[in-house]
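Participant: Let me begin by handing over the structure; questions about it come next.
What follows draws every value from the coordinates through simple rules; no lab data is involved. Note that the coordinates shown come from a computational prediction; the quantities given were computed from them, not determined experimentally. A quick note on method: Cβ atoms are made from the backbone with ideal geometry, for glycine too, and the neighbour counts reach across all protein chains shown.
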Amino acid sequence: MSTRAVSRMWVASALLAIASMVVSIYVGYRYVRLIDCLAARDEASAVRTAAIAEATDLERAADLALLRTPGPAARAFAVEAREATDRVRAANPAPREGACD
């Protein structure tokens, strides 16, 4: 094999290695961005769950009270608790799907 052919193979190998490194860096960058996005979505979901938990617990207690002692007062308490839960859910919307594309 001539020196020229060896030189061409070396150049081709070097270009392939450089292209591979560039692609690897790009994929790594995108992967880190995806991880950061998923972590942010998970944190937002946890904050939403914590905000809704208290209202949901109150709604469950009101439903249980309505089952144990049915009546207008228990019914009004259950309706009020459900409306409060709906307000809390409206104030804390779920993270949108597909935000990490």
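Participant: Taking the Cα atoms only, what angle lies between the long axis of helix 3-68 and the longest principal axis of the chain, rounded to 10 degrees?
Facilitator: 0 degrees
Participant: A follow-up question, please. Between Rg and the Kirkwood Rh of the chain, both from Cα atoms, what is the Rg to Rh ratio?
Facilitator: Radius of gyration over Kirkwood radius for the chain works out to 1.57.
Participant: For the chain, build the charge dipole from Cβ charges (+1 Lys, Arg; -1 Asp, Glu) around the Cα centre, then report which of Tyr26, Leu58, Ser2 sits farthest towards its positive end.
Facilitator: Going by the charge dipole, the pick is Ser2.
Participant: Which whole-number percent gives the relative contact order of the chain, counting Cα pairs below 8 Å spaced six or more residues apart?
Facilitator: 34 percent
Participant: Next question. Just report the Cα centroid separation between the range 21-45 and the range 1-17, whole Å.
Facilitator: 36 Å
Participant: Charges only on Cβ, +1 for Lys and Arg, -1 for Asp and Glu: so what's the dipole of the range 3-91 about the Cα centre, in debye to the nearest 20?
Facilitator: 680 debye
Participant: What length, rounded to one decimal in nm, is gained on full extension from Ala76 through to Ile18, with 0.36 nm per residue of separation minus their alpha-carbon distance? Walk me through the numbers on the way to the answer.
Facilitator: Numbers: separation 58, 0.36 × 58 = 20.88 nm, distance 7.05 nm.
That works out to 13.8 nm of additional length.
Participant: Output the 0 to 90 degree angle, nearest 10, between the alpha-carbon long axis of helix 72-91 and the longest principal axis computed from the alpha carbons of the chain.
Facilitator: 20 degrees
Participant: Right, another one. Just order 48-55, 34-41, 10-17 by mean Cβ neighbour count inside 10 Å, highest at the front, would you?
Facilitator: Output ranking for 48-55, 34-41, 10-17: 48-55, 34-41, 10-17.
Participant: Between Ser45 and Arg89, with labels modelled 7 Å along Cα→Cβ, what's the label distance in nm to one decimal, could you check?
Facilitator: With each label placed 7 Å out from Cα toward Cβ, I get 1.7 nm.
Participant: Rounded to the nearest 0.05, what FRET efficiency do Arg8 and Arg30 have when you use their Cβ-Cβ distance and R0 = 22 Å?
Facilitator: Computed FRET efficiency for Arg8 and Arg30: 0.10.
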